[in-house]
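All remarks here apply to the structure that follows.
The values are calculated or read from the model by the stated rules, or taken from the named source; none is laboratory data. Quick caveat: nothing in here was measured; it's all calculated off a predicted structure. Here the Cβ is made from the backbone with ideal geometry for all residues, glycine too, and neighbour counts use every protein chain on show.
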Amino acid sequence: MDSPQPAVEIVGLVKTYGDKTAVDGLGLTVERGSVTAVLGPNGAGKTTTIEVCEGYRRADGGTVRVLGLDPAVDGERLRPRVGVMLQSGGVYAGARAEEMLRHVAKLHANPLDVPMLVERLGLGSCGRTTYRRLSGGQQQRLALALAVVGRPELVFLDEPTAGLDPQARRATWDLVGDLRADGVTVVLTTHFMDEAEQLADDVHIVDRGRVIASGSPEALCRDGAENSLRFAGPPGLDLTAMVAALPEGAKAFEVARGSYRVEGDIDPQLLATVTSWCAQHGVMPEKLTVERRTLEDVFLELTGRELRA
Amino acid sequence: MTTTTGTFTPDPGAAPLGRMIAAQTALETKMLLRNGEQLLLTVVIPTLLLVLFSAVDVVDVGELHGQKRVDFLAPGMLALAVLSTAFTGQAIATGFERRYGVLKRLGATPLPRWGLMVAKTGCVLVVEALQVALLTAIAFSLGWSPHGNPLAVVLLLVLGTAAFSGLGLLMAGTLRAEATLAAANLVFVLLLVGGGVIVPLDKFPGGVEAVLNLTPIAALSDGLRDVLQHGASMPWADAGILVVWAVLGLGLAARFFRWE
């Protein structure tokens, strides 16, 4: 590899506002060329962390390196190389979408083709409408376009799909996928777990200013707790024989009247054990489903709280 | 490593500084000229006042000694043009740019902050040039006969621009956008009436006049009138007052301006 340092390296970041600690010893590493999601509820410290990386805020403790540089000191060298999408605003109220995009393109040496980007993000429909009269979704897509138009190595997207309709959300996801395919490192914050699961190579779950879990979405969902299998049947079934047949550590119980759950390492063998027990006992397992843990479950288990605060 | 070049393959870099500042100046100017309220302030009001008060004898402009009313009013309107663009217009626009994250967003582009400030100044100078051209043309059509050294006029206008820009940016960078909007308009009206623009300051009581004489608008309108109406070479006292305001305003703005 020609680039030995990670795209972003944060160690023990602390940021306080008055007596409120927004970021409390946060650490994470973003590999070059990856898509990394920083996932967490509102107020977890996601935006503050990103804004320290973007050079908007100074860390009160810890170290932050972006493309090997300190954003608080080397802002001038970093700015051309890093694309930024703010959570909201950032455009003159009286500017038209394409006009603003052309302007930011002019501030870069080798910008993307503006008409292509307008087409890709469906900004053509904005026409001569000024920014203040664009819909929230159009403003979001323009902010995304502004982040990538300068052909950056690294982009920070702060809640890129908040408030988007499903179609626009899909367009944004596709663009993130293409950025990754072309070697752009993407760091995004979100509180949608499906977004993190869909897009990210690595996920860092942040809560109360700290990273509480990190890994690929698959690894996070696999580790620790088990998956489960659910089915519905007549209420009050005696599951003793089934439990005896299951591998060690697996459990089976009636969660609610007529609703059953089997927990453990759900593999084809276990599934066969359960269905053969059903066959022996003349039970038709209705609504039989194998449930994979979601990041939401992981978050709930780690914090005991809902992710979407 | 991949060798094919995709659409988004990184190729970062800043545009040359001159090109960035030129682009920013052009955009700022376009935004200002597109804004109806700003045009009212910078173009319509000075033009109306000039035409109205030159034609109709509603304000006592003092002893004319054979000169026309426009000879008194035109220098005041030039001062008002600088006040409206460098102070009121710039304060309001910058205040809302700060409020809506425009300054923050531009801070993430390769354009340095000082480059943005240069562009803002460039925009103010472009608009002032348009105002001066328009007001001068109208004044001539009303029979204006200016005197004095054009260089002294330019110097006074530049010093006035520096003084008002500093004060406008200080306001925009420290107050809430709505407070800036209200205060900048209020100051505009107060200085219009009490700054020797249309009402000669000697109409005020002596003590008040002495204080008003120290305001930047009085220094600018009085200085411009000394040159254009009375043919003075260079009104150093007025220029000095403007320099003090410029140093004060720009210094405080540089110290206290907050970008978000």
Which numbered condition trips up B:Gly115, out of (1) part of a helix (DSSP H, G or I); (2) among the small types (Gly, Ala, Ser); (3) in contact with an Asp or Glu (Cβ under 9 Å, 6 or more places away or on another chain); (4) surrounded by fewer than 22 Cβ atoms within 10 Å (Cβ to Cβ)? (3)
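Table: residues versus (1) away from chain B (no Cβ under 14 Å); (2) at pLDDT 90 or above; (3) over 16 Å from A:Leu220 (Cβ atoms).
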| site | (1), (2), (3) |
| --- | --- |
| A:Gln167 | yes, no, yes |
| A:His191 | yes, no, no |
| A:Glu197 | yes, no, no |
| A:Val203 | yes, yes, no |
Are there any pairs with C-beta distances below 8 angstrom linking a residue in the stretch A:106-134 that is on the phi > 0 side of the Ramachandran plot and not assigned by TED's automatic domain parsing to the domain that holds A:Leu179 to a residue that is in a helix (DSSP H, G or I) and not β-branched (Val, Ile, Thr), with the two at least 6 apart or on different chains, and if so which? A:Gly122/A:Arg141; A:Gly122/A:Ala168; A:Gly122/A:Ala171
Would you please name the residue that is surrounded by the fewest Cβ atoms within 10 Å (Cβ to Cβ), looking only at residues in the stretch A:1-33 that are within 14 Å of chain B (Cβ to nearest Cβ) and over 13 Å from A:Val64 (Cα atoms)? A:Asp2
Inspect the stretch B:85-96 for any residue being aliphatic (A, V, I, L, M) and free of Cβ contacts under 8 Å to residues at least 24 places away in the same chain and give the result as yes or no. no
Restricting the search to the stretch A:12-22, which residues are more than 30 Å from B:Phe8 (Cβ to Cβ), in a strand (DSSP E or B) and not hydroxyl-bearing (Ser, Thr, Tyr)? A:Gly12, A:Val14, A:Lys15, A:Lys20, A:Ala22
Select from the stretch A:50-69 the residues that are closer than 11 Å to A:Gly12 by Cα and either surrounded by 20 or more Cβ atoms within 10 Å (Cβ to Cβ) or within 13 Å of chain B (Cβ to nearest Cβ) (or both) and list them in ascending order. A:Ala59, A:Val64
Report yes if A:Lys46 is among the basic types (Lys, Arg), farther than 23 Å from A:Asp182 by Cβ, assigned by TED's automatic domain parsing to the domain that holds A:Leu179 and surrounded by 17 or more Cβ atoms within 10 Å (Cβ to Cβ), otherwise no. yes
With the stretch B:153-246 as the region, which helices (runs of 4 or more DSSP H) entirely inside it contain at least 2 residues that are out of contact with any strand residue (DSSP E or B) (no Cβ under 8 Å at 6 or more places or on another chain) and surrounded by 20 or more Cβ atoms within 10 Å (Cβ to Cβ)? B:177-194, B:216-228
Return a yes/no flag: does the stretch B:86-105 have any residue that is over 27 Å from B:Leu181 (Cα atoms), part of a helix (DSSP H, G or I), of a type in the set (A, V, I, L, M) and more than 10 Å from chain A (Cβ to nearest Cβ). no
Counting only helices (runs of 4 or more DSSP H) wholly inside the stretch B:1-57, the ones holding at least 1 residues that are more than 10 Å from chain A (Cβ to nearest Cβ) and within 18 Å of A:Val104 (Cα to Cα) are B:17-34
Scan the stretch B:10-29 residue by residue and report those that are in contact with a helix residue (DSSP H, G or I) (Cβ under 8 Å, 6 or more places away or on another chain) and among the charged types (D, E, K, R). B:Arg19, B:Glu28
Result of the Cβ filter at 7 Å on the stretch A:157-181, keeping first residues that are small (Gly, Ala, Ser) and partners that are part of a helix (DSSP H, G or I) and crowded, with 22+ Cβ neighbours inside 10 Å, at least 6 apart or interchain, is A:Gly163/A:Gln140; A:Ala168/A:Arg141
In the set B:Val70, B:Val61, which member is outside any loop (DSSP other than H, G, I, E, B), among the β-branched types (Val, Ile, Thr), more than 9 Å from every other protein chain (Cβ to nearest Cβ) and touching a Leu at 6+ places or on another chain (Cβ under 8 Å)? B:Val70
For the stretch A:151-237, please list each of the strands (runs of 3 or more DSSP E) lying entirely inside it that holds at least 3 residues being closer than 30 Å to A:Ala272 by Cα. A:227-232
